[in-house]
1. Run residue 19 past the list (1) in a helix (DSSP H, G or I); (2) in contact with a Lys or Arg (Cβ under 7 Å, 6 or more places away or on another chain) and report the number of the one that doesn't hold.
2. If residue 40 meets every condition in (1) in a strand (DSSP E or B); (2) touching a residue at least 24 places away in the same chain (Cβ under 8 Å) apart from one, which number is that one?
3. Any idea how many residues of region 40-74 are closer than 22 Å to residue 14 by Cβ, among the polar types (S, T, N, Q) and surrounded by 13 or more Cβ atoms within 10 Å (Cβ to Cβ)?
4. Take the residues in region 8-39 that are among the polar types (S, T, N, Q) and in contact with a helix residue (DSSP H, G or I) (Cβ under 8 Å, 6 or more places away or on another chain), then tell me which one is farthest from residue 63 (Cα to Cα).
Amino acid sequence: MVEIGISKKPSTGEFRVFWKENGKDIEARAYYTDWWQDAVDTLLTIELHNNASGIPTSISSGKSTTSLLRRYNRTFGGMVE
């Protein structure tokens, strides 16, 4: 099972889209960006690609991820469930 989500690095302010397989963080698949919207777009693209490829994927229920998804919904009109 793959889990994806977003965290924010306090030291740099960067957003990190993470990828975990069986609970293990895979740094080689992490994506870093300074822009919150880019992080959310990347997260959603990964989810769509994995689902289309038959890779079981869940989105993290962590605070950073859920907060940014709510912000994305407010900004872009509820496009994310």
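The numbers here are math on the coordinates, done by the rules we state, and not lab data. Just so we're clear, the structure is a prediction, and the values are computed from it rather than from any experiment. Neighbour counts are summed over all protein chains in view; Cβ atoms, including those assigned to glycine, are modelled from backbone coordinates with ideal geometry.
1. Checking residue 19 against (1) in a helix (DSSP H, G or I); (2) in contact with a Lys or Arg (Cβ under 7 Å, 6 or more places away or on another chain), the one that fails is (1).
2. With respect to (1) in a strand (DSSP E or B); (2) touching a residue at least 24 places away in the same chain (Cβ under 8 Å), residue 40 is out only on (1).
3. Applying the first criterion (closer than 22 Å to residue 14 by Cβ) to region 40-74 yields 40-47, 59-72.
Next cut, among the polar types (S, T, N, Q) only: 42, 45, 60-61, 64-67.
Imposing the further condition that a residue be surrounded by 13 or more Cβ atoms within 10 Å (Cβ to Cβ) reduces the set to 42, 60, 64-67.
Within region 40-74, residues that are closer than 22 Å to residue 14 by Cβ, among the polar types (S, T, N, Q) and surrounded by 13 or more Cβ atoms within 10 Å (Cβ to Cβ) number 6.
4. Filtering first and then ranking leaves 33.
For (1) in contact with an Asp or Glu (Cβ under 9 Å, 6 or more places away or on another chain); (2) in contact (Cβ under 8 Å) with a residue 12 or more places away in the chain; (3) hydrophobic (A, V, I, L, M, F, W, C), each residue gets a yes or a no:
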position: 16; (1), (2), (3): no, yes, no
position: 26; (1), (2), (3): no, no, yes
position: 30; (1), (2), (3): no, yes, yes
position: 44; (1), (2), (3): no, yes, yes
position: 48; (1), (2), (3): no, no, yes
